[in-house]
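A.B. asks: Can you read through this structure? Questions will come right after.
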Amino acid sequence: MPLFSILTLFPDAVEPYLGASILGIAREKGLADYRCVDFRDFARDRHRTVDDRPFGGGPGMVLRPEPIAACVEWLEREHGPFRKLALCPAGTPFRQPLAEELSKTERVLLLCGRYEGYDQRLLDELAFETVSLGDYVLSGGELGAMAITEAAVRLIPGVLGDDRSANEDSFHGGGGLDHPHYTRPRVWREREVPRVLFSGNHESIREWRAERAQERTIERRPDLADNDN
């Protein structure tokens, strides 16, 4: 059963989400588990200090390496080695193929940054991979850690009600966008569901969906369309 450990200064903000919806279902089924750890608990001084001013000057504070390293090493003594990811704007963009890898990984550790980021020596010493959700900056890595955890866990067989749901998602296998979806009513505000979806001809439906998915990918994400060629 995969274990996702999230290291954060705000476990109270993360833990409720881990127990909700798909993530909660996965835990109830015994298909995934989570551990939220406050790395402030590993600070050695009476003020539980985890940050300090950057060498060389500049605004903001930088996370010190000692408390985080102590936290990671404690977790690895308890559970064994983790694949370690640090949420960071300078990291590699998170994509579906990595979610697929993590869904098959026994232990994943997600480090949530704060302030101006991490002391680089921590990332180098503990061989962290750095990952980013996109070209923008948040106040911390908690939202990113939850997004990565959910993206991976929903791919574990048995988590979703129908495993085909994950196989037909956008980006599956490094591919393009999903096709449009429709449900009842058949006509809504004079907009009708495409008639082919009522034809009963499964091959025609499959072809229509493939064509619409390709059109949508070319229009909205031409970079993904190029990857398919």
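A.B. asks: Report the gain in length on full extension from Asp178 to Lys104: 0.36 nm times residue separation, minus Cα-Cα distance, nm rounded to one decimal.
C.D. replies: Roughly 24.3 nm would be gained on extension.
A.B. asks: Mind checking the full-extension length gain between Arg121 and Glu73? Use 0.36 nm per residue of separation minus the Cα-Cα distance, one decimal, nm.
C.D. replies: Between Arg121 and Glu73, full extension yields 15.8 nm more.
A.B. asks: Quick check for me: using +1 on Lys/Arg Cβ and -1 on Asp/Glu Cβ, what's the dipole size of the chain about its Cα centre, in debye to the nearest 20?
C.D. replies: So the magnitude is around 520 debye.
A.B. asks: Let me ask something additional. Counting only protein heavy atoms, what percent of the accessible surface of the chain is carbon or sulfur at a 1.4 Å probe?
C.D. replies: Reported share for carbon and sulfur atoms: 48 percent.
A.B. asks: Please find the FRET efficiency linking Met61 to Glu15, where r is the Cβ-Cβ separation and R0 is fixed at 22 Å, and quote it to the nearest 0.05.
C.D. replies: The pair Met61/Glu15 has a calculated efficiency of 0.30.
A.B. asks: Which translational diffusion coefficient, to the nearest whole µm²/s, is obtained for the stretch 1-116 from the Stokes-Einstein equation, given a Kirkwood hydrodynamic radius over C-alpha pairs, 4 °C and 1.567 mPa s?
C.D. replies: Reported coefficient: 83 µm²/s.
A.B. asks: While we're looking at this one, here's another question. So which chymotrypsin sites (Phe, Trp or Tyr not before Pro) in the stretch 74-154 are both in a DSSP loop and have at most 14 other Cβ atoms within 10 Å of their Cβ?
C.D. replies: Tyr136
A.B. asks: If you don't mind, another one. Among the trypsin sites (Lys or Arg not before Pro) in the stretch 65-157, which ones are in a DSSP loop with at most 14 other Cβ atoms within 10 Å of the Cβ? Mind listing them?
C.D. replies: Arg95, Lys104
A.B. asks: Looking at the stretch 1-66, which trypsin sites (Lys or Arg not before Pro) are DSSP coil and have at most 15 other C-beta atoms within 10 Å of their C-beta?
C.D. replies: Hits after loop and neighbour filter: Lys29, Arg44, Arg46, Arg48.
A.B. asks: Provide the per residue accessible area, probe 1.4 Å, for the chain, rounded to a whole number of square angstrom.
C.D. replies: Per residue, the chain has 60 Å² of solvent-accessible surface.
A.B. asks: Starting from one equal scatterer on each C-alpha and no solvent at all, send me the Debye-based log10 I(q)/I(0) for the chain at q = 0.14 Å⁻¹, two decimals.
C.D. replies: Scattering profile of the chain, log10 relative to I(0): -0.95.
A.B. asks: Percent of Cα-Cα pairs per 5 Å bin, from 0 to the last occupied bin, for the stretch 96-162, please list those.
C.D. replies: 3, 14, 23, 23, 18, 11, 5, 2, 1
A.B. asks: What's the extension gain from Ile205 to Leu138 if we count 0.36 nm per residue and subtract their Cα-Cα distance?
C.D. replies: 20.0 nm
A.B. asks: Could you point to the residue in Phe4, Gly161, Gln96 farthest towards the positive end of the chain's charge dipole, with +1 and -1 charges on the Cβ of Lys/Arg and Asp/Glu respectively?
C.D. replies: Gly161
The values are calculated or read from the model by the stated rules, or taken from the named source; none is laboratory data. Everything quoted here is computed from the prediction, not taken from an experiment. No Cβ is skipped: glycine too gets one built from the backbone with ideal geometry, and neighbour counts run over all protein chains shown. Only protein heavy atoms, including side chains, enter the accessible area calculation; ligands, DNA and RNA are left aside. Shrake-Rupley method; radii C 1.70, N 1.55, O 1.52, S 1.80 Å.
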